[in-house]
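**Q** Here it is, the structure in full.
The values are calculated or read from the model by the stated rules, or taken from the named source; none is laboratory data. Since the model is a prediction, treat every value here as computed from it, not as a measurement. With ideal geometry, Cβ positions are generated from the backbone for all residues, glycine too; neighbour counts draw on all protein chains shown.
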Amino acid sequence: MIRNRFASVVLAGSLLLGATLAATAQTTATQDMKAAGSETKSAAQDTGHAVSKGTRHAAHKTKRAARKAAHKTAGATRRGAEKVEQSTTPQPEPAPQP
């Protein structure tokens, strides 16, 4: 009788322990899925911020290069116009020396 009772207690204990472990495993799997989702979201946000920063940087550099090129072109045009003006302006003839 004591053996049967002891066997029943051991069997009941092992079933309870097994059920508890199964519930823990399910909770762990759920937590793992949630953690994976959160990490994926965080990674996507980080990537988005990096792309945004890179785009702003590239746009700034492009704007600066375009402005620099425009100013350089304007200066060259101005110098070219001055050369043309100097070459087309009639030079006064020197007065004859008596």
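**Q** Check whether at least one residue in the range 75-83 is small (Gly, Ala, Ser) and within 26 Å of the chain's Cα centre (by Cα), and report yes or no. Steps first, answer last, please.
**A** Narrowing the range 75-83 to residues small (Gly, Ala, Ser): 75-76, 80-81.
Now drop any that are not within 26 Å of the chain's Cα centre (by Cα), which leaves none.
Checking the range 75-83: not a single residue is small (Gly, Ala, Ser) and within 26 Å of the chain's Cα centre (by Cα).
One line per residue, one yes/no per condition, for (1) assigned to a helix (DSSP H, G or I); (2) touching a Lys or Arg at 6+ places or on another chain (Cβ under 7 Å); (3) modelled with pLDDT of 95 or more:
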| position | (1), (2), (3) |
| --- | --- |
| GLY48 | yes, no, yes |
| GLY54 | yes, no, yes |
| HIS60 | yes, no, yes |
| LYS68 | yes, no, yes |
| ALA81 | yes, no, no |
| VAL84 | yes, no, no |
| SER87 | yes, no, no |
| PRO92 | no, no, no |
| PRO98 | no, no, no |
